[in-house]
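The next block holds one structure in the form of structure tokens; read it before the comments.
The values are calculated or read from the model by the stated rules, or taken from the named source; none is laboratory data. Predicted model only: the values in this text are computed from it and were never measured. For neighbour counting, all protein chains shown are included, and Cβ atoms are generated from backbone atoms with ideal geometry for every residue, glycine included. The area values use the complete protein model at the heavy-atom level, side chains included, leaving out ligands, DNA and RNA. Shrake-Rupley method; radii C 1.70, N 1.55, O 1.52, S 1.80 Å.
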Amino acid sequence: MCGIIAAASNRNVGKLLVKGLHRMEYRGYDSAGIALHQDDQIAHLRTLGKVKLLEDKMIEEKPKSKLGIAHTRWATHGEPSEENAHPHKSNERIYIVHNGIIENYLNLKEFLKKEGYAFSSQTDSELIAHMLEFFLNQGNSILDAMYLTKEKLDGAYAIAAIDKEDDKNIIIARSKSPLLIGIGTDELLAASDPLAISGLTNEFIFLEDGDVAQISADDFKIYDDSKKQVEREITHIDISHEASSKGDYRHFMEKEIYEQPAAILNTIDGRVGGDDVLDNIFGLGSSEMFSKVKRIQIVACGTSLHAGRVAANWFSAISELPTQVDYASEYRYKNPHVDQDSLLVTISQSGETADTLAALRYAQEKDYLSSLTVCNVPTSSLARESEYSIFTNAGPEIGVASTKAFTTQLAGLMLLALSLAKSRDVNPKLRTRVITAMRSLADTVEETLKLKDEILEIAPEIASKDNALFLGRGIFYPIAKEGALKLKEISYIHAEAYPAGELKHGPLALIDEDMPVIALAPESEIAEKLVSNLEEVKARGGTIYVFSDPSISMELKSGRIIKMPKCDFLLTPIIYTIPLQILSYEVALLRGTDIDQPRNLAKSVTVE
Ligand code: M6R
């Protein structure tokens, strides 16, 4: 999704701003642009497509400047085009970049048109530049103009603006969209993502909702919503180059798949001891709070929602708690009934997903016992706004398709199931069994990654098809859904998932030689039933690829059976996810798609 970087420096900033845009490419975008203060003028360059094209333009035009703002845009209002790319300007004076959505933009546009402002884009963002200029023209300072503009805006925004009449300062503002200040050695920076400026500093200040800040090369001032100057905490984050680069891998997604054994170890590390989970690993007082929980509500989106659906089974089997799982985007529109003593659990890799954040904020107005997040980014809005949290410690996930974030979320959610069970004093033997299995989980994942060669043999058969069906039962249905999501988002093959028992209620009509069926058959009480479901596919000439427990016997006319490593049944969803990730990756590679930045998608979805 959109990315902002801005710098006020004692040296030229063109290159560092473009480098920052490159670092944010993983978020997904369709155009890029930059505005640089240069000899009382503003150099304004924008391109449709990759940041590389903007970089080429910069090399041609060689603008020199110590103050600038830059942006990658992911289209919401108006098609991807150069005119709609940021920065937007007003009367060659004010230049702005904006992340988020201005909900009342039509009214504000009307107002500004009546005031004589002409619009050159279809975006909601352009009006911010005009509004700032409108208030400046009334004799306000840029700081006051930003506050007056803020009063007019409904929606979510992170804004950075520069004024042609001022070659020293950048003004920034945040409401419901992340924005931070970076304290560099030669400069002060602003960005929507710490990764964008991670090569320049490891000291960050995360702005709060309503904050406005003024930044120059040597100084910054932060003001809260009521325009009172405030101090905000400096957070130290080390983002190693290794963590944010591909190394020898072809794509970030590939690297992140193979990082999973280490990532899972990082999630579990320091959180289990002896044969049980440690107390208060979700924050001080969490164990006591857990003893009062009677019901769980999970909200999340996409892959994170699939993790929640798996966890709902664990909360029932291990913690003996009923759980409701909802799409974050739907939850608050269904007027949910909240039982007292319910725990709200959000799950998110980024911690900035707008729908999940909105669900949390909505739920905080309700009668929940408490809120808890399972999240990969400790500095994210979700982490800061939830009462309790567990960080998955997976390291930066750059590929748009979630891989290590998912398996580490599952590991974190298993720790939650165990902690709830411990506080409620239920299932001690089961807890010990699971903890023992968790200690060797990373090794089992490592072993599962070795299935790559077998998967390489089936990938061309799937890559040549336009559709695929994924089947799983029980706790494996969400894993089938995750497999289908992975395949469709990076290879653009249409894929659907069904609980295998549902086949005969409709989808069986789709089965022919062009519909590969990918099934998950772990050892379970319903394995035999799944085998019967697959017989129905076989009888209709379908090609079946089964990832199965070695104990399950089955014969296939066409397709393949891939035997999975043994693992405790409750942890098998984590293990069975791995071959589906590898399969999607290898299929996408054969189809030549843009694996790390698939079309139309963004890494962090910060609009509702
Ligand atoms: O950052 P989050 O986990 O909140 O993101 C939620 C979804 O947008 C994300 O999981 C999405 O579905 C991924 N592209 C899936 O691979």
When the chain is fully extended, how far beyond the present Cα-Cα distance does T432 get from K334, taking 0.36 nm per residue of separation? 31.4 nm
Relative contact order for the chain, counting Cα pairs under 8 Å that sit 6 or more residues apart, in percent: 12 percent
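Order 365-375, 138-148, 169-179, 113-123 from most to least packed using the mean count of other Cβ atoms within 10 Å.
The packing order, highest mean first, is 169-179, 365-375, 138-148, 113-123.
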Under 1.5 on a/c is rounded, so check that first for the chain, then, if it is not, pick prolate when a/b is larger than b/c and oblate when it is not; a ≥ b ≥ c are the square roots of the alpha carbon gyration tensor eigenvalues. prolate
Quick P(r) readout (region 112-238; Cα-Cα; 5 Å bins; whole %) gives 2, 10, 20, 23, 20, 13, 8, 3, 1, 0
Helix 14-23 against the longest principal axis of the chain: what's the angle in degrees, Cα atoms only, rounded to the nearest 10? 20 degrees
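Would you rank R540, R424 by solvent-accessible area, highest first, keeping every protein chain in place and using a 1.4 Å probe?
Sorted by accessible area, descending: R540, R424.
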Scattering from the C-alpha atoms of region 238-297 alone, worked out with Debye: what is log10 I(q)/I(0) at q = 0.19, 0.28 1/Å? -0.83, -1.17
Coil-residue GluC sites (Glu not before Pro) of region 487-590, DSSP, other Cβ within 10 Å capped at 13: E513, E525, E555
Quick one: which residues, 5 or more positions from Y388 or on another chain, have an amide H under 5 Å from its amide H? H modelled 1.01 Å from N in the peptide plane, none for Pro or chain starts. S371, L372, T373
Which residue, V400, G139, A539, has the largest displacement toward the positive end of the dipole of the chain when charges sit on each Cβ (Lys, Arg +1; Asp, Glu -1)? A539
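What number comes out for the charge environment of A75, summing +1 per Lys or Arg and -1 per Asp or Glu over other residues with Cβ under 14 Å away?
-2
Within the set K168/K221; K15/K89; K15/K66, which residue pairs have Cα atoms separated by over 18 Å?
K15/K89
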Run the numbers for L510 and Q122: contour at 0.36 nm per residue of separation, minus the present Cα-Cα distance, in nm. 135.5 nm
Taking the Cα atoms only, what angle lies between the long axis of helix 302-317 and the longest principal axis of the chain, rounded to 10 degrees? 40 degrees
Just read off the accessible area of S553 with the full protein assembly in place, 1.4 Å probe, to the nearest 10 Å². 100 Å²
Amide proton proximity set for Q38, modelled H, under 5 Å, gap of 5+: A43
Rounded to the nearest 10 Å², what accessible area does H306 have for a 1.4 Å probe in the complete protein model? 20 Å²
How many percent of Cα pairs in region 82-129 exceed 16 Å? 32 percent
Please state the shape class of region 272-421: rounded when a/c is under 1.5, otherwise prolate if a/b exceeds b/c and oblate if not, all from the C-alpha gyration tensor. rounded
Looks like region 495-553, by Cα gyration tensor root eigenvalues a ≥ b ≥ c and the a/c under 1.5 rounded cutoff (else prolate when a/b is bigger than b/c, oblate otherwise), is prolate
In sequence order, what are the phi-derived ³J(HN,Hα) couplings for region 157-166 according to the Karplus relation 6.51 cos²θ - 1.76 cosθ + 1.60 with θ = phi - 60°, rounded to whole Hz, with x for glycine and proline? 7, 10, 10, 10, 9, 10, 10, 4, 7, 9
Could you derive backbone 3J(HN,Hα) for region 252-264 from the dihedral phi with the Karplus parameters 6.51, -1.76 and 1.60 (θ = phi - 60°), listing whole Hz in sequence and x where the residue is Gly or Pro? 4, 4, 4, 4, 5, 5, 7, 7, 4, x, 5, 5, 5
Rank-order 334-341, 285-292 by packing density, defined as the average count of other C-beta atoms within 10 Å over each peptide's residues, highest first. 285-292, 334-341
Starting from the Cα-Cα distance between E457 and D209, subtract it from 0.36 nm times their residue separation and give me the gain in nm to one decimal. 84.2 nm
Per 5 Å bin from zero, what fraction in whole % of the C-alpha pairs of region 1-160 is there, up to the bin with the longest pair? 2, 10, 19, 23, 21, 15, 8, 3, 0
Before anything else, pin down the relative contact order of region 26-103: Cα pairs under 8 Å, at least 6 apart, normalised by residue count, whole percent. 34 percent
Mind listing the Cα extents of region 521-569 along all three principal axes, in Å, largest one first? 34, 19, 11
For the chain, the longest principal axis of the Cα atoms and the Cα long axis of helix 404-423 enclose an angle in degrees, to the nearest 10, of 70 degrees
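Would you please put 588-599, 252-263 in order of how densely packed they are, using the mean number of other Cβ atoms within 10 angstrom per residue and starting with the highest?
Sorting 588-599, 252-263 by mean packing, highest first, produces 252-263, 588-599.
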Enumerate the amide H contacts of G399 below 5 Å, restricted to partners 5 or more residues apart or on another chain; note that Pro and chain-start residues carry no placed amide H. M253
In whole Hz, the Karplus estimates of ³J(HN,Hα) for region 103-116 (6.51, -1.76, 1.60; θ = phi - 60°; x where Gly or Pro) are 6, 9, 5, 5, 4, 5, 5, 4, 4, 5, 4, 5, 7, x
Can you tell me which lysines have their Cα less than 29 Å from the Cα of K566? Leave out same-chain residues fewer than eight positions away. K255, K404, K422, K429, K450, K452, K481, K486, K488, K529, K538, K557
When the charge dipole of region 551-596 is computed with +1 on Lys and Arg Cβ and -1 on Asp and Glu Cβ about the Cα centre, the Cα farthest towards its positive end, among L589, M554, T577, belongs to M554
